[in-house]
Amino acid sequence: MDNLSCNTHDYDSFLKEKYENLKIIDDCFLNEPMEFEDCILDIKNKLTFDQELRNLMNDNLINNCFKVLDLVLSDRKSNFDYSNKINFEELLPRVWRFINLYENQCIVVFFEQLSEILNGTCAQGRTTRIFQFYSIHMNDKDELFVINLKK
């Protein structure tokens, strides 16, 4: 894959090795992520109770995020991307460790991508949109990566 694409299926089978390598680093060096259900609850709480964040988002975006969160809890068979061997239920908590530390203006960008899952609810539509956040922090080993290092 030489060019960037907005079509999540253009990444089918291209993320498998990258994800496996990042997971090895993650498992060795970073704090363990929360459980999937706890992560969903934490995200919902952020969307519900963080008024400063809510003020940066329109009602449609907030509602769509809740729809996606409910979808990934109710349609769990579609959470596994077989082409890339990525489980959304494993990926989301790994990513949320970083996102939860963002400033609210940046969290909105994550929520925009999360809401886009409604435009492609297949497993690849779920994982590819979220993987981009994971790969940035894991590859750059930025300050949010450092904050999540095991003590």
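Just so it is clear, none of the values below were taken in a lab; they were calculated from the coordinates. Keep in mind that what you see is a predicted model, and the values were worked out from it rather than measured. Neighbour counts run over all protein chains shown; Cβ positions are idealised from the backbone, glycine included.
Annotations for the structure displayed:
- Among the chymotrypsin sites (Phe, Trp or Tyr not before Pro) found in the range 83-130, those both in a DSSP coil and sparsely packed, with 15 or fewer other Cβ atoms within 10 Å of their Cβ, are Tyr102.
- Under 27 Å from Lys85, Cα to Cα: lysines that are on another chain or at least 8 residues apart: Lys16, Lys18, Lys23, Lys44, Lys67, Lys77, Lys141, Lys150
- From its DSSP helices (H runs of at least four residues, each -39,500 (n - 2.57)), the chain gives a residue-normalised ellipticity at 222 nm of -20000 deg cm²/dmol.
- For the range 34-147, the square roots of the Cα gyration tensor eigenvalues, ordered a ≥ b ≥ c, give a/c of at least 1.5 with a/b no greater than b/c, which places it in the oblate category.
- In a DSSP loop and with at most 12 other Cβ atoms within 10 Å, the GluC sites (Glu not before Pro) in the range 67-148 are Glu103.
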